[in-house]
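The values are calculated or read from the model by the stated rules, or taken from the named source; none is laboratory data. Note that the structure is a prediction, hence the values are computed from the model and not measured. Cβ placement follows ideal geometry from the backbone for every residue including glycine, while neighbour counts extend to all protein chains displayed. Accessible surface is based on the protein model in full, side chains and every heavy atom, while ligands, DNA and RNA are left aside. Shrake-Rupley method; radii C 1.70, N 1.55, O 1.52, S 1.80 Å.
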Amino acid sequence: HNFEKAIELRRKIVQLQRVFENARIIKELTGRKKVLEELKKYLRLPVLPDRIEGYDISNIQGQFATGSMVVFTSSQPDKNEYRKFKIRTVPPDQGGDVAMLKEMLTRRFKHQEWPMPNLILVDGGKAQLNTAQDIAPKSIPIIALAKDERHRGHHLFLSTKKEPIKLSKLSTNIRNLILQIDSEAHRFAISYYRHLHRKTI
């Protein structure tokens, strides 16, 4: 009798654990969607930015220039979708980050089999925004994150607005998401650069 009670108790515990886990997942997904709806609204995006692609260039000391593409799906890193690019056509000592970004985006958008983003984030200012606008499909909104002298995110240039926006004016949720995407793109570009550098050593 006690054995049957123990089995029944265990079954109820497992059921409760499932209920709490399902509640946690629902709460998390609801929170993610809320953030995306808030980005969409504030940045005047045409659709919910469910797939955001972030781009960064690593060009240290003019050697082994690399580019990274990171993907955030439903505001979370989607590492299976990350892509890395070895810069091929821009001489390291002659081309700046803008020319390298142009090469990377040109190659990326030749891949029609890859899902299209709802939003693109590039590291840089007005020049990077203009370059991305020239290459990406016109229907995709683009934002460029400009840094201050301490290399911290300072303001955004947007394809959907004429004037730049100070990062401090954004809500905490939007600001943190943008900084997380930028940081992840930078980390991924640096890791690929180090990989190539180690191979030559």
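Listed values, structure above:
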| quantity | calculated |
| --- | --- |
| Residue among 72, 64 that is of a type outside the set (D, E, K, R), in a loop (DSSP other than H, G, I, E, B) and either touching a Lys or Arg at 6+ places or on another chain (Cβ under 6 Å) or surrounded by 15 or more Cβ atoms within 10 Å (Cβ to Cβ) (or both) | 64 |
| Every pair of residues 6+ apart whose Cβ atoms lie under 8 Å, when the first sits in the range 160-186 and is within 18 Å of residue 54 (Cβ to Cβ) while the second is open to solvent by less than 50 Å² (accessible area, probe 1.4 Å) and among the acidic types (Asp, Glu) | 182/56; 182/123; 185/56; 185/123; 186/56; 186/123 |
| Options 119, 129, 156; residue that is open to solvent by less than 20 Å² (accessible area, probe 1.4 Å) and touching an Asp or Glu at 6+ places or on another chain (Cβ under 8 Å) | 119 |
| Boolean, residue 106 is over 23 Å from residue 168 (Cα atoms) and modelled with pLDDT under 90 | no |
| Output for the range 30-47, where each listed residue is open to solvent by 50 Å² or more (accessible area, probe 1.4 Å) and either of a type in the set (Asp, Glu) or not in a helix (DSSP H, G or I) (or both) | 37, 38, 44, 46, 47 |
| Exclusive hit being touching a Phe, Trp or Tyr at 6+ places or on another chain (Cβ under 9 Å), modelled with pLDDT of 90 or more and among the aromatic types (Phe, Trp, Tyr), set 72, 85 | 85 |
| Some residue of the range 120-127 being of a type in the set (Asp, Glu), closer than 27 Å to residue 34 by Cβ and not in a strand (DSSP E or B) | no |
